[in-house]
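Structure first, then comments.
The values are calculated or read from the model by the stated rules, or taken from the named source; none is laboratory data. Quick caveat, the model's predicted, so the values are computed rather than measured. All Cβ positions, glycine included, derive from the backbone under ideal geometry; neighbour counts span all protein chains shown.
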Amino acid sequence: MSITLKAARVNRNLNQKDAAKLIGVSVSTLQNYESGKCFPDVPIIKAIERVYKIHYADIIFLPLDNA
């Protein structure tokens, strides 16, 4: 089952501020990941997997031209 990064966050009942803190990034960085403006590197992806309890392969990262 594939899911967007934002939907994964919402499914864990996290707002952007709390999710960003748990992942170890700023809120604006998380917003950029969710909107497809940039993509996380491997250590951040591992943190996202841990916080959202989802495997990387199941996350839909939006294309850069989505915004």
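One line per residue, one yes/no per condition, for (1) in a loop (DSSP other than H, G, I, E, B); (2) surrounded by fewer than 17 Cβ atoms within 10 Å (Cβ to Cβ); (3) of a type outside the set (D, E, K, R); (4) at pLDDT 95 or above:
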site	(1), (2), (3), (4)
MET1	yes, yes, yes, no
ALA8	no, no, yes, yes
ASN13	yes, yes, yes, yes
ASP18	no, yes, no, yes
SER28	no, yes, yes, yes
GLN31	no, yes, yes, yes
PHE39	yes, yes, yes, no
PRO43	no, yes, yes, yes
ALA47	no, yes, yes, yes
Next on the checklist: Can you say whether ALA57 is crowded, with 17+ Cβ neighbours inside 10 Å and assigned to a helix (DSSP H, G or I), as far as the supplied structure shows?
Outcome noted: no
Checklist entry - Given (1) without any contact (Cβ under 8 Å) to a residue 40 or more places away in the chain; (2) within 10 Å of the chain's Cα centre (by Cα), where does ILE48 come up short, assuming only one miss? => result (1)
